[in-house]
Amino acid sequence: MREVVKIINPYDPGLFPEDLPIKDLKVIQLGSNENPYDPSDEVKKAYLEALKDIRLYPHAGYIKLKEAISEYVGVEVKNIAVGCGASELINCVCQTLVEELDRVVIPVPSYTLYAIYAMLRNATLHFPFFENYKIKADEVVDLRPKLTFICSPNNPTGNTIDKRVVEEIAGGSDYVVVDEAYAEFSGKSCVDLVQDFDNVIVLRSFSKFFGLAGMRVGYALASKNIVEGLEKVRLPFAISYPAVRTAIAAIKSVKYYEKIRDRIVRDREDLFRKLKKFDWLEPYPSEANFILVKVHRDGIVEKLASRGIIVRNVTGLMGLEGEHVRITVGKPEENERLIEALSVNSKTSA
Ligand SMILES: *Cc1c(COP(=O)(O)O)cnc(C)c1O
């Protein structure tokens, strides 16, 4: 086996409801940044209609899906690559652009998958630390990156990165990825940079805003040249036929998802205010569908799990000092149950 595969840490997917030893309680999953609401009626219908054709391969060019995405983001089809979730595209970017020992710069704290796929290329990794992920472009550019990974809104800190900062990094990096898996929750995007910079790659996902994490659909927006490279590297039939049909239907019902988004954004602000009231919790302001919280007390993840509530333990993540959890904004009643469980914890261990 390759040495790098032996030493690499596997991606931590967090806890799933079936991992908890709880039988009588409905588990609340606030650990994976999933959308807590049902798919639109159009999406349900598209999924069922796809059933009769699942013996067929999906169209390998994914033209209809790209046309729908093109209309949604206002980028030409030739500038769109698709993949099995944004995750696959992170791998494709590394395979397309990174040679052995190339410098890959990953400001931290951020998403862990960038490092995994960059390491698998035998790249030289740099992890500049920025307090609260406030990236300083000059410090990134000083590292003379072949490829820089920026996440906006950032997982796990929740803040966005200014377009000007991305432009500056694009001016001093061979290539820049802007991972916008949560862009719709922030209302901010670097998509238009793709027109002006042929070295900027914007990654998007259907998993969060469109609530299709189980279907596995993502896309990259970039210069025609890069898109052609990414498409060569990805699996020929990476996105299943039902996934294609549901993703297209989701874009058609974007109004439905915008209403859900507005609800989640309001509930996020409400949850933030409630978390802030605990003197042992320090929530970070967020522009995504989750909140990072610094926790001045031990064992919170386990205590919540024993009450049937899953949050993501991000303690030990590179660039985070002390205990931290990342909490997905759920439905109002789920957020309420979380706050109740935290209140009980406040009383018992104060
Ligand atoms: C969830 C997430 C993704 C990937 O999602 P897919 O389900 O693979 O589309 C990518 N980047 C970040 C930062 C994420 O949080």
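The values are calculated or read from the model by the stated rules, or taken from the named source; none is laboratory data. Computed from a prediction, not measured in an experiment: that's the story for all the values here. With ideal geometry, Cβ positions are generated from the backbone for all residues, glycine too; neighbour counts draw on all protein chains shown.
Structure notes:
- Helices (runs of 4 or more DSSP H) enclosed by the range 95-199 - at least 1 residues per element that are within 12 Å of the ligand (Cβ to nearest atom) and in contact with a Ser or Thr (Cβ under 9 Å, 6 or more places away or on another chain): 113-119, 183-186
- Some residue of the range 285-303 being within 20 Å of residue 20 (Cα to Cα), out of contact with any Cys (no Cβ under 8 Å at 6 or more places or on another chain) and buried (at least 18 other Cβ atoms within 10 Å of the Cβ): yes
- Flag if residue 263 is surrounded by fewer than 16 Cβ atoms within 10 Å (Cβ to Cβ) and either touching a strand residue (DSSP E or B) at 6+ places or on another chain (Cβ under 9 Å) or modelled with pLDDT of 95 or more (or both): yes
Yes or no, residue by residue, for (1) closer than 20 Å to residue 324 by Cβ; (2) touching a residue at least 24 places away in the same chain (Cβ under 8 Å):
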{"residue": "248", "(1), (2)": "no, yes"}
{"residue": "251", "(1), (2)": "no, yes"}
{"residue": "256", "(1), (2)": "no, yes"}
{"residue": "272", "(1), (2)": "yes, no"}
{"residue": "283", "(1), (2)": "yes, no"}
{"residue": "288", "(1), (2)": "yes, yes"}
{"residue": "302", "(1), (2)": "yes, no"}
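- Residue match in the range 307-317 (condition: in a helix (DSSP H, G or I), within 24 Å of residue 151 (Cβ to Cβ) and touching a residue at least 24 places away in the same chain (Cβ under 8 Å)): no
- Annotation note: of 206, 210, the sole residue that is more than 12 Å from the chain's Cα centre (by Cα) and crowded, with 24+ Cβ neighbours inside 10 Å is 210.
- Failed criterion for residue 122 (all others in (1) polar (S, T, N, Q); (2) buried (at least 19 other Cβ atoms within 10 Å of the Cβ); (3) under 29 Å from residue 316 (Cβ atoms) hold): (2)
- Residue within the range 4-14 that is within 16 Å of the ligand (Cβ to nearest atom), closer than 30 Å to residue 310 by Cα, assigned to a loop (DSSP other than H, G, I, E, B) and among the hydroxyl-bearing types (Ser, Thr, Tyr) present: yes
- Selection within the range 72-94 - among the aliphatic types (A, V, I, L, M) and away from the ligand (no atom under 12 Å from the Cβ): 73, 75, 77, 80, 81
- Hits in the range 57-75 (condition: closer than 16 Å to residue 246 by Cβ and outside any helix (DSSP H, G or I)): 58, 59, 62
- Qualifying residue in the range 76-85 (condition: small (Gly, Ala, Ser), assigned to a helix (DSSP H, G or I), in contact (Cβ under 8 Å) with a residue 24 or more places away in the chain and surrounded by 21 or more Cβ atoms within 10 Å (Cβ to Cβ)): yes
- Residue match in the range 250-257 (condition: within 14 Å of the ligand (Cβ to nearest atom) and touching a helix residue (DSSP H, G or I) at 6+ places or on another chain (Cβ under 6 Å)): yes
- Residues of the range 98-110 classified as within 18 Å of residue 200 (Cβ to Cβ) and surrounded by fewer than 22 Cβ atoms within 10 Å (Cβ to Cβ), total: 2
- Residue in the range 152-164 that is acidic (Asp, Glu), more than 17 Å from the chain's Cα centre (by Cα) and at pLDDT 95 or above present: yes
- Test: residue in the range 209-225 that is part of a helix (DSSP H, G or I) and either of a type in the set (A, V, I, L, M) or closer than 14 Å to residue 93 by Cβ (or both): yes
- Restricting 336, 321 to residues that are of a type outside the set (A, V, I, L, M, F, W, C) and either assigned to a helix (DSSP H, G or I) or in contact with a Lys or Arg (Cβ under 8 Å, 6 or more places away or on another chain) (or both) narrows the list to 336.
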